[in-house]
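Read the structure below first, then the notes.
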Amino acid sequence: MADNNPNVDFSVIAKASDGSRDILAGLSSTNALPNVIFTNPVWSRIRDFCLHWHQPNSLLANNIDHIWLEFDVDDQPQNIPIPSFFFHFEYHSKFSTRKINPFPEQKQTIATALNLLLEHSLTPQIKQNLAICCDSLPPESQVLYIGAMLSRPLNAVRVNIIGIPEEELENYLTKIGWTYPIKKLKELIKVISSFVDIIVLNFDVGNTIFPKVGIECELLKKSPRLEPRWQLFLDYLVKTGLCTPEKRDAFLSWHGHSYQESNPEVWFSNVSRVSSILFRRLNHIKIVYYPNSYPEAKGYLSFSHKWIN
């Protein structure tokens, strides 16, 4: 969101409930991806994952709520774009009194999923570090989703955690082997917490725990007209130099909806039904913390499509 950083990511969510999982698995009779995509080994592994996820009562079907594909958009598009792959567990706050994990099968699910997605097996050290990240969680927290960074030359897995209390953060980071000064990180999280409802922390877990910490900041109300903290949070980011005023204003203006009849020039060329609508919303803001450098802010927008009968 800073002036010198024009990078863009594009993500697509797939669920079992709406048929998008079946499209990725190659099982849809009405919607199919081009066969050439699956000649790429990464896409072939994504299809294998979705086939396993499709199996009733399988480990993946019982534990994974949804997935999304994240594409890095740059000036040199690939013939077959390669995404990073994230799989999401359902959040169960009722497990706040548990002692370790919200799901007895969570570690096994993570291992099974990564074996399907990754070209090479994880090193014993990475497996051990992942286990420590899961087993060291305070009772109020859980692994929310896992990222296989298939589009990047990164020998690590992204672990995303929700619910770590502020007073438990330093102890948790020490246990998992994050060896960097924590004072500024704690101060940043304390300030951010006053603006948002939910914070998700993410770490890249390799043979060591990488220094970068992602701080995903969510508000439950996605409309800035109904939630004034969106404006306050963005104003804070502008004040601290993490966002330009222009990008703040553009971000806040995204929320709303678009009708096909009013915007035919930007609509899908293959839409054949009578009419449809796009809903636009603010999704979240991510602050990326670097122990030896300045943080950066990233804004995440979303949209969804609905047919009008």
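Odds and ends about this structure:
- Restricting attention to segment 168-190, the residues that are surrounded by 13 or more Cβ atoms within 10 Å (Cβ to Cβ) and β-branched (Val, Ile, Thr) total 3.
- Number of positions in segment 60-82 that are surrounded by 18 or more Cβ atoms within 10 Å (Cβ to Cβ) and under 13 Å from ALA113 (Cα atoms): 5
- If you go through segment 154-167 and pick out every residue that is farther than 16 Å from VAL205 by Cβ and surrounded by fewer than 16 Cβ atoms within 10 Å (Cβ to Cβ), you end up with 3.
- Exactly one residue out of TYR180, TYR145 is in contact (Cβ under 8 Å) with a residue 12 or more places away in the chain and touching a His at 6+ places or on another chain (Cβ under 8 Å): that is TYR145.
- Screening the candidates SER253, SER304, SER269 for the property of being modelled with pLDDT of 95 or more, open to solvent by 30 Å² or more (accessible area, probe 1.4 Å) and not hydrophobic (A, V, I, L, M, F, W, C) yields one hit, SER253.
- Residue check for SER11: at pLDDT below 90 and outside any helix (DSSP H, G or I): no
- Counting only strands (runs of 3 or more DSSP E) that sit wholly inside segment 135-232, those with at least 2 residues that are more than 17 Å from the chain's Cα centre (by Cα) and closer than 30 Å to LYS247 by Cα are 209-218.
- Residues satisfying the stated conditions in segment 14-36, i.e. in a helix (DSSP H, G or I), of a type in the set (A, V, I, L, M, F, W, C) and surrounded by 11 or more Cβ atoms within 10 Å (Cβ to Cβ): ILE23, LEU24, ALA25
- Some residue of segment 37-51 being open to solvent by less than 40 Å² (accessible area, probe 1.4 Å), at pLDDT 95 or above, hydroxyl-bearing (Ser, Thr, Tyr) and over 13 Å from GLN142 (Cβ atoms): yes
- Lone unmet requirement of (1) touching a residue at least 60 places away in the same chain (Cβ under 8 Å); (2) open to solvent by 50 Å² or more (accessible area, probe 1.4 Å); (3) within 26 Å of ALA156 (Cβ to Cβ) for LYS286: (2)
The values are calculated or read from the model by the stated rules, or taken from the named source; none is laboratory data. All of these numbers come straight from a predicted model, not from anything done at the bench. Neighbour counts are summed over all protein chains in view; Cβ atoms, including those assigned to glycine, are modelled from backbone coordinates with ideal geometry. Surface areas here come from the heavy atoms of the whole protein model, side chains and all, with no ligands, DNA or RNA. Shrake-Rupley method; radii C 1.70, N 1.55, O 1.52, S 1.80 Å.
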